[in-house]
1. One quarter of the convex hull surface, Cα atoms only: what value does that give for the range 1-77 in nm²?
2. Length gain on complete extension for the stretch GLU12 to GLU48, per 0.36 nm per residue less the alpha carbon to alpha carbon distance?
3. Sequence-distant or interchain residues sharing an amide H contact under 5 Å with ALA68, placed H: which?
4. Report the gain in length on full extension from ASP79 to ASP110: 0.36 nm times residue separation, minus Cα-Cα distance, nm rounded to one decimal.
5. Taking the chain as the reference, fit the longest principal axis to its C-alpha atoms, fit the long axis of helix 4-33 to the helix C-alpha atoms, and give the angle between the two in degrees, 0 to 90, nearest 10.
6. Shape of the range 66-116 from its Cα gyration tensor (a ≥ b ≥ c, root eigenvalues): rounded if a/c is under 1.5, otherwise prolate when a/b > b/c, or oblate?
7. Over the alpha-carbon set of the range 45-95, divide Rg by the Kirkwood Rh and report the Rg/Rh ratio to two decimals.
8. Using the Karplus curve 6.51 cos²θ - 1.76 cosθ + 1.60 with θ = phi - 60°, work out ³J(HN,Hα) for each residue of the range 88-94 in order, rounded to whole Hz, and write x for Gly and Pro.
Amino acid sequence: MLSKKVESALNEQIKLEFFSSHLYLAMASWAEVNGYKGSAEFLYIHAEEERIHALKLFRYVNDRGGKALASVVESPKYDYASISALFNEIFEHEIVISSAINELVGRCMDERDFTTTNFLQWYVTEQIEEESLFRSIIDKLNLLGDDKAKMYLFDNDIAKLKPATAKTV
Ligand code: OFO
């Protein structure tokens, strides 16, 4: 059985994961209408992944006797100065998510909820993979600079890049 404190902390994280999903969906839309079809494809898949992260937590909360909340999330922004700016924002966002997960693990440990602490290890590992994935994308973009032909190849390649994990709930 979850304590009220852990239940509410998990519900906050669910909301954050749903927000990430919305954010990446908005980014996919920007990429698609600005001619970056490959990046859009990648972002659509990533938006779906974040929804899966939210659902995995959602179902865990209910399985452990809590009540999972499908809270309303704020509207993400839709404008980006460039595809590099967009991927830099994703990287920054993932760093925020990593610290939220670490904070959550800390709160579960304070509550001596070792089952939830253990469950959250999956998210800890996932964040390491995601940070590394987006760091490598940014490194690539920095190398390409403003070369449009290379950018076209980048956009083709990224469509083939599999997100860190694409597991179902
Ligand atoms: Fe991109 O991360 Fe969810 O957890």
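The values are calculated or read from the model by the stated rules, or taken from the named source; none is laboratory data. What you are looking at is a predicted structure, and each value in this text was computed from that prediction instead of being measured. In this analysis, Cβ positions are derived from the backbone assuming ideal geometry, glycine residues included, and neighbour counts consider all displayed protein chains. Quick note on the areas: whole protein, heavy atoms, side chains included, nothing else; ligands and nucleic acids left out. Shrake-Rupley method; radii C 1.70, N 1.55, O 1.52, S 1.80 Å.
1. That works out to 4.8 nm².
2. 11.1 nm
3. Amide H to amide H, under 5 Å and 5 or more residues apart or across chains, ALA68 pairs with ASN62.
4. Contour length minus the Cα-Cα distance gives 7.2 nm.
5. Relative to the chain, helix 4-33 is tipped by roughly 10 degrees.
6. oblate
7. With Rg and the Kirkwood Rh in hand, the quotient comes to 1.11.
8. The phi angles translate into 5, 5, 4, 4, 4, 5, 5 Hz.
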